[in-house]
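The values are calculated or read from the model by the stated rules, or taken from the named source; none is laboratory data. Bear in mind that the values here come from a model prediction, so they are computed numbers and not experimental data. With ideal geometry, Cβ positions are generated from the backbone for all residues, glycine too; neighbour counts draw on all protein chains shown. We work out accessible area using only protein heavy atoms, side chains counted, and drop any ligands, DNA or RNA first. Shrake-Rupley method; radii C 1.70, N 1.55, O 1.52, S 1.80 Å.
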Amino acid sequence: MEQVAVKMVEGDAGTSAEDMRKEVKVMSRLLHPHVARTLGAYWQEAAKGKGKPGGATKVYLVQALQKGGEVDKWISRRVLDEDAHRRLAFELLSALAFLHANGIMHRDIKPQNILMGDESDTSPLRIVDLGLVKWCK
């Protein structure tokens, strides 16, 4: 049984449920070893009708669990040599190149959005939180 993480994303009033479904569908097809896999999503539609203001749709994203935590904290718990830093830089740039090749700009790269797969010294890094992505043609 695979362990997963669930993140709630709330769309704003200008974002349609259909737009959010399309985005999740694309995200679930992004297969790269250094981009966190989106395994699925669950939807909570906005309530509309008499006496109800019609709030935003909520999406619960199910992603593969990254057990190593944030990259900056992971690095601070060990002494890494130049080869390890080179590997991490390559993994990050490889993931960004993959996203860009698929018409996606992350727009929020920071240590909190780069997680380590596990606690080992050779753990792969993974980009997470594609909530602010910009889709480009």
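Name the residues in segment 54-97 that are among the hydroxyl-bearing types (S, T, Y) and over 20 Å from G40 (Cα atoms), would you? So that I can check it myself, show each step before the final result.
Start the filter on segment 54-97 by keeping residues that are among the hydroxyl-bearing types (S, T, Y), which leaves 57, 60, 76, 94.
Residues satisfying the conditions are S76, S94.
Just to verify a result, which residue in segment 89-119, among those that are in a strand (DSSP E or B) and in contact with a Gly (Cβ under 9 Å, 6 or more places away or on another chain), is surrounded by the fewest Cβ atoms within 10 Å (Cβ to Cβ)? Give the steps one after another, and end with the answer.
The initial filter retains those residues of segment 89-119 that are in a strand (DSSP E or B), namely 104-105, 114-116.
If we keep only those that are in contact with a Gly (Cβ under 9 Å, 6 or more places away or on another chain) too, we end up with 115-116.
Details: L115: 25, M116: 20.
This residue is M116.
Starting from segment 31-44, take each residue that is in a strand (DSSP E or B) and list its partners that are hydroxyl-bearing (S, T, Y) and open to solvent by less than 20 Å² (accessible area, probe 1.4 Å), counting only C-beta distances under 8 angstrom and pairs at least six apart or across chains.
Cβ pairs passing all conditions: W43/T57; Q44/T57.
For the subset of segment 120-134 comprising residues that are outside any loop (DSSP other than H, G, I, E, B) and either among the polar types (S, T, N, Q) or touching a helix residue (DSSP H, G or I) at 6+ places or on another chain (Cβ under 6 Å) (or both), which member is modelled with the lowest pLDDT?
Going through the qualifying residues, I end up with I127.
Which residue, of D118, D83, D72, D108, is free of Cβ contacts under 8 Å to residues at least 12 places away in the same chain and either out of contact with any His (no Cβ under 9 Å at 6 or more places or on another chain) or hydroxyl-bearing (S, T, Y) (or both)?
D83
Any idea how many residues of segment 27-47 are under 18 Å from L93 (Cβ atoms) and more than 13 Å from the chain's Cα centre (by Cα)?
Residues meeting the conditions: 0.
Checking the condition modelled with pLDDT under 85, surrounded by 13 or more Cβ atoms within 10 Å (Cβ to Cβ), assigned to a strand (DSSP E or B) and not acidic (D, E), which residue from V9, V24 passes?
On inspection, the qualifying residue turns out to be V9.
Quick one: is A17 farther than 17 Å from I127 by Cβ, touching a Ser or Thr at 6+ places or on another chain (Cβ under 8 Å) and either of a type in the set (A, V, I, L, M, F, W, C) or at pLDDT 90 or above (or both)?
In short, yes.
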